[in-house]
Amino acid sequence: MRRPAPLSGLVRLAHRTAPAAWPRLRTLRARLTGGLVVLLAVSCATVGVAAVLELDGFLTGRLDQQLAQAGTDFPASLEHRDQPNDHDGDEYADTRHQTPGTLGVRLVGGHVTNAAVVRSGSHLKVTLTRADRSALAGVPVNGRPHTVDLAASSLDDYRVAASPGRDGDVLITGLPLEPVESAVRHIEAVAAGVFGAALAITGVAGALWVRWSLRPLSRMTATARQVSGLPLASGEVALPPRAPESDPRSEVGQLTAAFNRMLGHVEDALTERHASQERLRSFSADASHELRTPVASVRGHAELALLHPGAVPYEVRHALERIEAESARMGTMVDELLLLARLDAGRPLARQPVDLTRLVLDAVADARAAGPGHRWILELPEEPVTVPGDGHRLHQLLANLLLNARLHTPDGTTVTVRLTASGDTVHLAVLDDGPGIPEELLPSVFDRFTHGGGRRTPGTGGGTGLGLSIVAAVAEAHGGTVTLDSRPGRTAFTVGLPR
């Protein structure tokens, strides 16, 4: 039997605890705990290997001393005896001072002539196989101990030393290594059990310790998760309480302090932005309200001047007509700004049943009269579709979408208005097969005063830049949404309203 390597059990234990599945340790806590266990396993294996190797060397050295003390008396006593069975008596007194299991071999001319093993004060002749004979014949004749494997003859491992005899023969004395191997295996089993228990206890204790040490990070994660769930873009937002402070001398404490400072800066920035937006909205509402009277006055005076019965030079009449037209346009812009200010302030709209089917029919009829050069198509369900809301504002929403399609597409463009109802949502879509919206304008198309060069096609006139902003604001005020999908040859605005 081949002799096992020292501490094979501990080596296998260390191999099992090696980070073969390391990529699956995703969390910092798992990595720290796993690293602690792996380092402890490596340390235990190193200490165990060193201890057992030292024990193995020590026991083997003691065995070599016993082998040297045994000398060649036992194999020399076999020189002229060929008895095949056990014997007792004075003529075999050589075996009485030998350790049980001692092997004696005599070689003549490189061939084994006699071989026996001591058994309880007597010796038993053994028959060696050809392989074992060759192994013994190959032992250097220098008196130094060597290890040979005699497993083929059921003798296992032996520590042997070969010395020259008086008659030109070679005498080999051997002692079994089984006691040494048994002691090594025993210490391996004990060390593996002790180290395995230490690893298990350390793993549990280390996991608890790491979890306790990383509690501030868990609290920071919970705070960050709460902040990430807040509608930071909606206006004034109250941030959650700060993460609990830790020891500022530790890395975790420094990270917690920096995280809390960052939350403070974010809260200050949100407060300042909300205050700025409120000031802007207040200014917009006040300015729009104050402009209504002078704009109406300018428009009235222009209309009055145009009604003068006397002759008016052409240049003056043209100027008065332009004043009237621009004052009307400015009045529309003021009304739209006031509407956006009311919606921004969260003022509730009317909540009455609105027949969207009738509303679509009326709005498309108005658009067809204003844009006879376009082709208008209606796609309506068989049954009327009704939603709760403000009929006037919903009509304004659809009118703005139709106006946008008419102003920004050339004559001959097909504009389709589609009304569908599915589940608890009604979808109102306005589609056209025009050139599409430039890609660079898509992110800001619902922002206020967005013209993007004014139009998708030149020479068609322009609006105030507030139409799509009102569409988005009215849809949001009704608890709905508006989406845009645009590419060359197809542009679709889709409004979703709850039923």
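Dividing the mean sequence gap of close Cα pairs (under 8 Å, 6+ apart) by how many residues segment 352-498 holds gives a relative contact order of 25 percent. Between residue 273 and residue 219, the C-beta separation translates, for a Förster distance of 30 Å, into a calculated FRET efficiency of about 0.65. In segment 172-189, whose amide N lies under 11 Å from the spot 7 Å out along Cα-to-Cβ of residue 66? List them in ranges. Correct set: 175-181.
How far, in nm, would the chain grow between residue 212 and residue 178 when pulled straight, counting 0.36 nm per residue and subtracting the alpha carbon separation? Don't skip to the end; give the middle numbers.
Working: separation 34, 0.36 × 34 = 12.24 nm, distance 5.00 nm.
Full extension of this stretch gives 7.2 nm more.
Over segment 138-223, Cα pairs under 8 Å with separation of 6+ residues give a relative contact order of 17 percent.
The label point for residue 291 and the one for residue 27, both projected 7 Å from the Cα toward the Cβ, are 5.8 nm apart. The Rg/Rh ratio of segment 133-185, with Rg taken over Cα atoms and Rh as the Kirkwood radius over Cα pairs, comes to 1.03.
If we sort 165-172, 313-320 on the protection proxy, mean other Cβ atoms within 10 Å, highest first, what's the order?
Sorting 165-172, 313-320 by mean packing, highest first, produces 165-172, 313-320.
Compute the FRET efficiency between residue 450 and residue 227 as 1/(1 + (r/R0)^6), taking r as their Cβ-Cβ distance and R0 = 30 Å, and round to the nearest 0.05.
Details: r = 30 Å, r/R0 = 1.02.
Once the sixth-power term is evaluated, E becomes 0.50.
With a Förster radius of 25 Å, plug the Cβ-Cβ distance of residue 194 and residue 58 into 1/(1 + (r/R0)^6) and report the FRET value to the nearest 0.05. The pair residue 194/residue 58 has a calculated efficiency of 0.80.
Amide H contacts under 5 Å for residue 162: 142, 143, 144, restricted to partners 5 or more places along the chain or on a different chain, H placed in the peptide plane at 1.01 Å from N. Database remark: amide H of residue 157 closer than 5 angstrom to the amide H of 150, 177 (H placed geometrically; neighbours at sequence offset of 5 or more, or on other chains; Pro and chain starts carry no H).
The tail of the calculated P(r) for segment 352-498, taken as Cα-Cα distances beyond 22 Å, holds 34 percent of the pairs. Taking 0.36 nm per residue of separation and subtracting the current Cα-Cα distance, fully stretching the chain between residue 127 and residue 156 would add 9.0 nm.
How far, in nm, would the chain grow between residue 481 and residue 113 when pulled straight, counting 0.36 nm per residue and subtracting the alpha carbon separation?
Taking residue 481 through residue 113 to full extension adds about 122.0 nm, to one decimal.
Kirkwood analysis of the Cα pair distances in segment 130-252 returns a hydrodynamic radius of 21.8 Å.
A simple spin-label model places pseudo-atoms 7 Å from Cα toward Cβ; at residue 380 and residue 425 they are separated by 2.4 nm.
Computed from backbone phi with θ = phi - 60° and the Karplus coefficients 6.51, -1.76 and 1.60, the 3J(HN,Hα) list for segment 465-478 is x, 10, x, 6, 5, 5, 4, 5, 5, 5, 4, 5, 5, 8 Hz; x is used for glycine and proline.
FYI, it's all coordinate maths here, none of it is from the lab. These numbers come from a predicted model, not from an experiment. When we count neighbours, we look across all protein chains shown, and the Cβ atoms used for this are built from the backbone with ideal geometry, even at glycine.
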